[in-house]
2 protein chains.
Amino acid sequence: MNIETPSRRPRTRIQREKRELILEAALEVFSNHGFRGATIDQIAEAAGMSKPNLLYYFRRKEDIFTALIQRLMETWLGPLRELDNVGDPMTELRGYIRRKLEMARDYPRESRLFANEILQGAPRIMPLLEGELKSLVNEKVDVIRGWMRSGKIVRCDPYHLIFSIWATTQHYADFDVQVRAVLGPDRGGEGRFEDAARFLEQLYIEGLRP
Amino acid sequence: MNIETPSRRPRTRIQREKRELILEAALEVFSNHGFRGATIDQIAEAAGMSKPNLLYYFRRKEDIFTALIQRLMETWLGPLRELDNVGDPMTELRGYIRRKLEMARDYPRESRLFANEILQGAPRIMPLLEGELKSLVNEKVDVIRGWMRSGKIVRCDPYHLIFSIWATTQHYADFDVQVRAVLGPDRGGEGRFEDAARFLEQLYIEGLRP
DNA sequence: GCAATTTTTGACCGATTGGACAAACGTTAG
DNA sequence: CTAACGTTTGTCCAATCGGTCAAAAATTGC
């Protein structure tokens, strides 16, 4: 019999461990080759098991992908969830930018996985975008609008403010190859994230000052 | 005999027309599915011809891709080339942002094609990035540094300034599905590009003012 | 009109892919 | 020990893919 949805029995210790192993391997492979470009064999090899063995834990290739996306979404939306209207607006926004940039540095595979899926038209995560993501953004847009009304930051379109923060920070994960190619070996080292952080903080602080 | 590199004979009228047809079809298919995700059959069908017929004009799938990239690169770097140090720096930068945003609106397939290639590690265009692109950026970085020295714009890292303009503008092509999902049917209509333009111009003008 | 050349097509091929399956192998509770 | 259950593997399959090839059809140059 197969696993996948725990219809009745709870997960075994081996099941929990092996599923975790597979998801880690799948993240590596999917983020580098996209859904279509990745093969089950590649994932199985990266996870150190045979293909039929992998298919015992996840019936179909797509099931691995959706399980991965589902689990990642929470981590990914974390920084935006933390954006709160306690504390100084400018400090909050700067913290958000910093956290997003740290995620681009520390979790580039997750970023590229999302980017790849969105690029292909988000066929597998559209409900998430229109549901959870949309409502979370709307919630934070209200917070930002409050800051504008109280004159703490300049008036502008809060949706596009969020988009631009996403774009500028995730750029350093998704387009990392290009960034490093343009900066060259000397300027493209590990310091590029600190340089980016300095630039972006300055841009947004000066650009949003009321 | 096959075509591809015009070793001796010049291109026929039919060859020019059909190759154009194929490249247009390939742009549509590659930008939606990536290199690996696209199939020759799909491209052939989109071009309205049989697969062997297509392979008569381009021997291999990769040849279509590289021909496409080669031709697109010029168009794509156009706006950056136009960035010149004649005229007011702020006006120049605003014009650059506006042109890049117009390209994201009018040529989203080209943008997604590049994004897809970069995401996979740019295996087919790395030389272009390290060569033509890098030197063009370096050239424009000098222009921007000149503006900073003369106090026309605030001092900041010109590389990351360019990166952030790329990121924020191309975001509206590459992540269009997400942008529309979050904005919803009412705010996600055609007006989203004007809203984005207004926001970005304000952000960069305020953020770069000396 | 005719021969040379270019263009198009149907049939085919080997490799890869996602996935099925039954049999073998391990593990664990009584 | 043993029966039940969980895990692993080798083998196989149908579909799809990139690409070949020879021959037919269309075009072109004279």
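The values are calculated or read from the model by the stated rules, or taken from the named source; none is laboratory data. Keep in mind that what you see is a predicted model, and the values were worked out from it rather than measured. Counting neighbours? That spans all protein chains shown, and the Cβs are built from the backbone with ideal geometry, glycine included.
Of the residues A:Val141, A:Val177, which is surrounded by fewer than 17 Cβ atoms within 10 Å (Cβ to Cβ) and modelled with pLDDT of 95 or more?
Of the residues listed, the single one that is surrounded by fewer than 17 Cβ atoms within 10 Å (Cβ to Cβ) and modelled with pLDDT of 95 or more is A:Val141.
Does the stretch B:132-154 hold any residues that are within 9 Å of chain A (Cβ to nearest Cβ) and part of a helix (DSSP H, G or I), and which are they?
Here is the first cut: in the stretch B:132-154, the ones within 9 Å of chain A (Cβ to nearest Cβ) are B:133-134, B:137-138, B:154.
Of everything in the stretch B:132-154, those that are within 9 Å of chain A (Cβ to nearest Cβ) and part of a helix (DSSP H, G or I) turn out to be B:Leu133, B:Lys134, B:Val137, B:Asn138.
Could you pull out the residue among A:Phe58, A:Phe30 that is more than 10 Å from DNA strand D (Cβ to nearest atom), under 22 Å from the mean Cα position of the chain (by Cα) and either modelled with pLDDT of 95 or more or under 16 Å from A:Arg71 (Cβ atoms) (or both)?
Details: A:Phe58 fails: under 22 Å from the mean Cα position of the chain (by Cα).
Testing whether each residue is more than 10 Å from DNA strand D (Cβ to nearest atom), under 22 Å from the mean Cα position of the chain (by Cα) and either modelled with pLDDT of 95 or more or under 16 Å from A:Arg71 (Cβ atoms) (or both) leaves just A:Phe30.
So in the stretch A:14-27, with the set limited to residues that are more than 15 Å from A:Asp63 (Cβ to Cβ) and of a type in the set (A, V, I, L, M, F, W, C), which one is modelled with the highest pLDDT?
Result: A:Leu21.
Against the definition (within 7 Å of chain B (Cβ to nearest Cβ) and either touching a residue at least 24 places away in the same chain (Cβ under 8 Å) or surrounded by fewer than 18 Cβ atoms within 10 Å (Cβ to Cβ) (or both)), how does A:Arg112 come out, yes or no? Give the steps one after another, and end with the answer.
Values: within 7 Å of chain B (Cβ to nearest Cβ): yes; either touching a residue at least 24 places away in the same chain (Cβ under 8 Å) or surrounded by fewer than 18 Cβ atoms within 10 Å (Cβ to Cβ) (or both): yes.
In short, yes.
Taking the condition of being surrounded by fewer than 19 Cβ atoms within 10 Å (Cβ to Cβ) and touching a residue at least 24 places away in the same chain (Cβ under 8 Å), how many residues in the stretch A:24-35 meet it? Even if it seems obvious, please write down each step before you answer.
Step one: list which residues in the stretch A:24-35 are surrounded by fewer than 19 Cβ atoms within 10 Å (Cβ to Cβ), which gives A:24, A:28, A:32.
Subset that is touching a residue at least 24 places away in the same chain (Cβ under 8 Å): A:28, A:32.
Counting residues in the stretch A:24-35 that are surrounded by fewer than 19 Cβ atoms within 10 Å (Cβ to Cβ) and touching a residue at least 24 places away in the same chain (Cβ under 8 Å) gives 2.
Count, please, the residues in the stretch B:155-210 that happen to be in a helix (DSSP H, G or I), of a type in the set (Asp, Glu) and either within 7 Å of chain A (Cβ to nearest Cβ) or more than 23 Å from B:Leu113 (Cα to Cα) (or both).
Taking the stretch B:155-210 and keeping what is in a helix (DSSP H, G or I), we get B:158-174, B:176-187, B:192-208.
The next check asks that each one be of a type in the set (Asp, Glu); those that pass are B:174, B:176, B:186, B:194-195, B:201, B:206.
Restricting the remaining residues to those that are either within 7 Å of chain A (Cβ to nearest Cβ) or more than 23 Å from B:Leu113 (Cα to Cα) (or both) gives B:174, B:186, B:194-195, B:201, B:206.
Matching residues across the stretch B:155-210 total 6.
Exactly one condition in (1) in contact (Cβ under 8 Å) with a residue 60 or more places away in the chain; (2) in contact with a Lys or Arg (Cβ under 8 Å, 6 or more places away or on another chain) is false for A:Leu136; which is it?
Answer for A:Leu136: the failing condition is (1).
Starting from residues that are surrounded by 14 or more Cβ atoms within 10 Å (Cβ to Cβ) and assigned to a loop (DSSP other than H, G, I, E, B), keep the ones in the stretch B:40-59 and report whichever is nearest to DNA strand C (Cβ to nearest atom).
Looking at residues that are surrounded by 14 or more Cβ atoms within 10 Å (Cβ to Cβ) and assigned to a loop (DSSP other than H, G, I, E, B), I get B:Met49.
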